[in-house]
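> Sharing a structure, written as structure tokens. Questions coming.
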Amino acid sequence: MTLNMKSQYQQDNFTRLTKNIELLNQIIRTQACLTQVDFNLQMFMQLVAEQMHILTPATGAVVELVDGDDMVYRAVTGSVSAHLGLRLKRENSISGLCVKNNTVLKSDDTEIDQRVNRDACRKVQARSLVVAPLIHKNQAVGVLKILSNNPDAFSDEDVMTLQLMAGFIASGLMHQLLYETNENLLVERTAALHELEIAQNRLYHLAHYDYLTDLANRSTFYEKLNEVFSRSERSEPYIALMYLDIDHFKNVNDTLGHNVGDELLKAFAKRLKQSTRDSDLIARLGGDEFILLLNKLKKSDDAIQIAQKIMKEMQEPFLLNNEKVKISTSIGVTFYQGELISMSELIKQADEALYLAKQAGRSTYRVYFNSE
Ligand code: GH3
Ligand code: MG
């Protein structure tokens, strides 16, 4: 080898090496796209087609995916650019054969190659081409193809690059599938959790609130009363407990029917809420009995005024089933001022006062008085 030949040889080697490093970098960059969070298979296939156009002497590149008996051009570049969506029969085409045999096929001159669909090759100016299968779950689902308008355009190195890139698209397909599966699982899981939460909330509500009036039920009232009790040990608010019972409620049931009786209970509860403050505690203990805890009263007279107000409100006729229904209520009141007394004892006091109100002729209130 002469000195000149040697330096030419070194120059060629250097050029090849630089080209290979650049090739490798491009391949790594392409692969890195696969790990992007906002990964999009269509964009990725397009990127790979474009890379093939750049990295090889191809004048065009295409990703074809199998669709029934056809191959469909799903990403195109270069001389194939105008043919996105082109549909060709798998049979009698080199892409179809590549899918069928699951192998890389190379045609150095399509004008004399029996395996190709010559009309299609002429249409996309493919005088020579290489196709690599896109393998997904051990099955070819498409091809990556590079083509040139010149015969014998591709080297073994180009074939290797094509194979590598075809592998990336296959990973992309898997990535997409996993992504979609995970997304679906997440959506299903979120929906199931949401339904569970709704069911739990419904159950909780059923267990804690009266189904008819939606007021707190007996156990919730006891729970809340307990909280108030423990709080009142520290502060010193005036607390009143009122026991209410509708007068002659049975008459409403008997004359107008149980359904109208139910409507009256609901309307009674609504008026009770409107006559009290949000901080007061109202519950339906059962039947036509209601209980009311009035918080933070400034003086005992305030509770008396509220009892009178409630009695007046309830004397206004209720419109039930297009009929005006007049009722009244009796109320027993007791006060709690932090003395040592149990909750049930306090309720009993209010009940006793209510009994006195009923005895006094109803539609009135009585205050519990400790005679001891
Ligand atoms: P009093 O003035 O002594 O209170 O007479 P009253 O007729 O209101 O008698 P009492 O309070 O003892 O009776 C309440 C009635 O309420 C007894 C029951 O048949 C009826 N009742 C209990 N629960 C319901 C319900 O959910 N809906 C309806 N419509 N009636 C109910
Ligand atoms: Mg009653």
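> Kindly list, by first and then second residue, each pair from a residue in the stretch 95-108 that is at positive phi to a residue that is open to solvent by less than 50 Å² (accessible area, probe 1.4 Å), limited to pairs with Cβ atoms under 8 Å and residues at least 6 apart or on different chains.
Pairs found: N102/P133; N102/A140.
> What number of residues in the stretch 44-73 are among the charged types (D, E, K, R), assigned to a strand (DSSP E or B) and surrounded by fewer than 20 Cβ atoms within 10 Å (Cβ to Cβ)?
Matching residues across the stretch 44-73 total 2.
> Here is a check on your reading of the model: is Q305 within 24 Å of H248 (Cα to Cα), in contact (Cβ under 8 Å) with a residue 40 or more places away in the chain and open to solvent by 40 Å² or more (accessible area, probe 1.4 Å)?
Answer is no for this residue.
> So K270 passes all but one of these: (1) more than 16 Å from ligand 1 (Cβ to nearest atom); (2) at pLDDT 95 or above; (3) assigned to a helix (DSSP H, G or I). Which condition number does it fail?
(1)
> Could you check the stretch 74-105 and list, in sequence order, the residues that are open to solvent by less than 20 Å² (accessible area, probe 1.4 Å) and not in a helix (DSSP H, G or I)?
A75, V76, T77, V80, S93
> For the stretch 247-259, which positions are out of contact with any Gly (no Cβ under 9 Å at 6 or more places or on another chain), within 11 Å of ligand 2 (Cβ to nearest atom) and of a type outside the set (D, E, K, R)?
H248, N251
> Could you list, in sequence order, all residues of the stretch 273-286 that are modelled with pLDDT of 95 or more and either within 10 Å of ligand 1 (Cβ to nearest atom) or not assigned by TED's automatic domain parsing to the domain that holds L319 (or both)?
Answer for the stretch 273-286, where residues must be modelled with pLDDT of 95 or more and either within 10 Å of ligand 1 (Cβ to nearest atom) or not assigned by TED's automatic domain parsing to the domain that holds L319 (or both): just R284.
> Hey, can you tell me all the residues within the stretch 308-351 that are open to solvent by less than 40 Å² (accessible area, probe 1.4 Å) and free of Cβ contacts under 8 Å to residues at least 12 places away in the same chain?
I341
> What strands (runs of 3 or more DSSP E), lying completely within the stretch 321-372, carry at least 2 residues that are of a type outside the set (A, V, I, L, M) and within 16 Å of ligand 2 (Cβ to nearest atom)?
Counting at least 2 such residues, we get 329-336, 365-367.
> State whether the residues of the stretch 142-156 include one that is surrounded by fewer than 19 Cβ atoms within 10 Å (Cβ to Cβ), touching a residue at least 40 places away in the same chain (Cβ under 8 Å) and outside any loop (DSSP other than H, G, I, E, B).
No: zero hits.
> Determine which single condition A269 fails, assuming it passes every other condition in (1) small (G, A, S); (2) within 16 Å of ligand 2 (Cβ to nearest atom); (3) open to solvent by 10 Å² or more (accessible area, probe 1.4 Å).
So the condition that A269 fails would be (3).
> Any chance the stretch 126-138 includes a residue that's without any contact (Cβ under 8 Å) to a residue 12 or more places away in the chain and not charged (D, E, K, R)?
There is at least one residue in the stretch 126-138 that is without any contact (Cβ under 8 Å) to a residue 12 or more places away in the chain and not charged (D, E, K, R).
The values are calculated or read from the model by the stated rules, or taken from the named source; none is laboratory data. What you are looking at is a predicted structure, and each value in this text was computed from that prediction instead of being measured. Every residue, glycine among them, receives a Cβ derived from its backbone with ideal geometry; neighbour counts consider all protein chains shown. All accessible areas refer to the heavy atoms of the entire protein, side chains included, with ligands and DNA or RNA removed. Shrake-Rupley method; radii C 1.70, N 1.55, O 1.52, S 1.80 Å.
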